[in-house]
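FYI, it's all coordinate maths here, none of it is from the lab. Predicted, not measured: the structure shown is a model, and the values here were computed from it. In this analysis, Cβ positions are derived from the backbone assuming ideal geometry, glycine residues included, and neighbour counts consider all displayed protein chains.
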Amino acid sequence: MSIQRPKGTQDILPGTVEKWQYLEDTIRTVCREYGYEEIRTPMFEATELFQRGVGETTDIVNKEMYTFLDKGERSITLRPELTAAVCRAYAENKLYAWPQPVKLYYIGPMFRYERPQAGRFRQFHQFGIEVLGADKPVVDAEVISLVWTLYQRLGLTGLEVHINSVGCPTCRAEHKDKLLEFLKPHSHELCRDCQDRLERNPMRILDCKNPSCQAFTAGAPTTLDMLCPECKSHFEELQELLKAAGVVYKVDPRLVRGLDYYRKTAFEVLVEEIGAQSAICGGGRYDGLVAEIGGPPTPGIGFAMGMERALAAIEVQNKMPEFEKAGYAMIVALGQQAQRHGFAWVSALRKAGIPASIDLLGRSLKAQLKAADREGVKYALILGEEELNKGMAILRDLRVGEQEEVALNQVVSVLKDKFGEGVNA
Ligand code: HAM
């Protein structure tokens, strides 16, 4: 059998790649407007980074990591997310000595061994931002407003921004006790995963998707019920700021997120139309993470957006723009001599900034014109022996079917004029 791509991965082919580029360009524009700079970190890291950073009790670390020993017997993991890696880079490269806060963004592939389904892949792509070195609620509001702006720029509607506060270690300890008190007498009624969570991380039971667990925990104490004064005022101020920025949000006390590093603000953006995997974006504050992985105590907040899911939302809401093919002119050369001339002309056109191509298969006039038409090329420049002898070429407008003779030494300037008009039109 022929070799196929690994399960849960995708080939992004021409025709689709333009959609990715459009999304990436829009992201880069918005990030520039907000003053975020790009960071690129390795595709793989020491396994310990994610064990310590993301947390030993999480599904990501327990079940989903691509971990292997390299030839030097080091345990290596393909990055399942980038927050821990960005914090590592911040500490390792002493970015804490830069003017604070440091505002970073990234776009790239992540790897999780999950059960593939619509909207869930083993290699998927995230756009994320991380702000390090600032702890005020205004930072949380800026981060959420950046997501909001991006979705508006993409033309998306009907998005639900859910926010919560998961508290700090102080209020969390109190919440854990109260939650265990509530859950313990009925622990046998929980699903098997939640029984496991009861021992390791009971808070996560609150966002179990199993309907019977949801019903059972409906009256359970939430972190919001138990916030300490500092966490409470942080959350209240965040909401005031979001209102001021016109961000429509909903407080969801059961939103706890699946990664261990969150403190205070946690949020997700959901788009129901894209199916069961409706979380298009998730994030929150992680004030203890940089210190956890060996750096100086540094507050941090960020989010990551699933690019496949964002593209699905753009498609389902019919917001994807039409893309023009890059080809503008095609040299249709007939005969060996004309081909040599054509080869020089195609270089001259490209040098003048006009996207141009030349037949590479030695096809007939008819076949070359057909190919040009199929590729959506606007102009064919026909070069035959007869035209060459006259120092002329035929320039055919393939959209309207009209043609004119152009002196060979005028070809570049004529096409450049037409291309200029096309660009500005
Ligand atoms: P996360 O919730 O694990 O958070 O992932 C963020 C987003 O990535 C999800 O909302 C979803 O859109 C997308 N995503 C996750 N797993 C998959 C998958 N298997 N296939 C397709 N898309 C997926 C984080 O990764 C945190 N690092 C976010 C963060 C940044 N928190 C603070 N800063």
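If a spin label sat at a point 7 angstrom from the Cα of residue 149 along the line to its beta carbon, the backbone N atoms of the stretch 6-31 nearer than 18 Å would be those of 23-31. A simple spin-label model places pseudo-atoms 7 Å from Cα toward Cβ; at residue 73 and residue 374 they are separated by 5.8 nm. Residue by residue, the stretch 399-414 carries 3J(HN,Hα) couplings of 6, 9, x, 8, 9, 9, 8, 10, 5, 3, 6, 9, 3, 4, 5, 4 Hz when phi is fed to the Karplus relation 6.51 cos²θ - 1.76 cosθ + 1.60 (θ = phi - 60°); x denotes Gly or Pro.
Short-range pairs are left out: with C-alpha atoms under 8 Å and at least six residues apart, the relative contact order of the stretch 329-422 is 29 percent. Derived scalar couplings between HN and Hα for the stretch 198-212 equal 4, 6, 9, 7, x, 4, 5, 4, 5, 10, 5, 8, 5, x, 6 Hz in order, rounded to whole Hz, by the Karplus curve 6.51 cos²θ - 1.76 cosθ + 1.60 (θ = phi - 60°), x for Gly and Pro. Each of residue 277 and residue 62 was given a label point 7 Å from its Cα along the Cα-to-Cβ line. The distance between the two points is 2.1 nm. In sequence order, the stretch 242-249 has phi-based couplings of 5, 4, 4, 8, x, 7, 8, 9 Hz under the Karplus curve 6.51 cos²θ - 1.76 cosθ + 1.60, θ = phi - 60°, and Gly or Pro positions carry x.
Tell me the relative contact order for the chain as a rounded percent, counting alpha carbon contacts under 8 Å between residues six or more apart.
Computed over the chain, the figure is 15 percent.
Give me, ordered by chain and number, the residues 5 or more places off residue 168 or on other chains with an amide H under 5 Å from its own placed amide H. Sorted by chain and number, the residues that satisfy this are 228, 264. Taking the DSSP bridge list for the chain and keeping only pairs wholly inside it, about 80 percent are antiparallel. Using a Förster radius of 35 Å, what is the FRET efficiency between residue 244 and residue 92 based on their Cβ-Cβ separation? Nearest 0.05, please. According to the calculation, E is roughly 0.40. Under a 5 Å amide H cut-off, with hydrogens placed 1.01 Å from N, residue 126 pairs with 108, 110, 307 among residues at least 5 apart or on other chains. Using only alpha-carbon positions in the stretch 304-362, the gyration tensor eigenvalues give semi-axes of 40, 12, 10 Å once each is multiplied by 5 and square-rooted (largest first). Taken over the stretch 329-422, lysine pairs spaced eight or more positions apart, or on distinct chains, with alpha carbons under 17 Å apart number 6. Relative to one another, the C-alpha centroids of the stretch 13-69 and the stretch 210-289 are positioned 22 Å apart.
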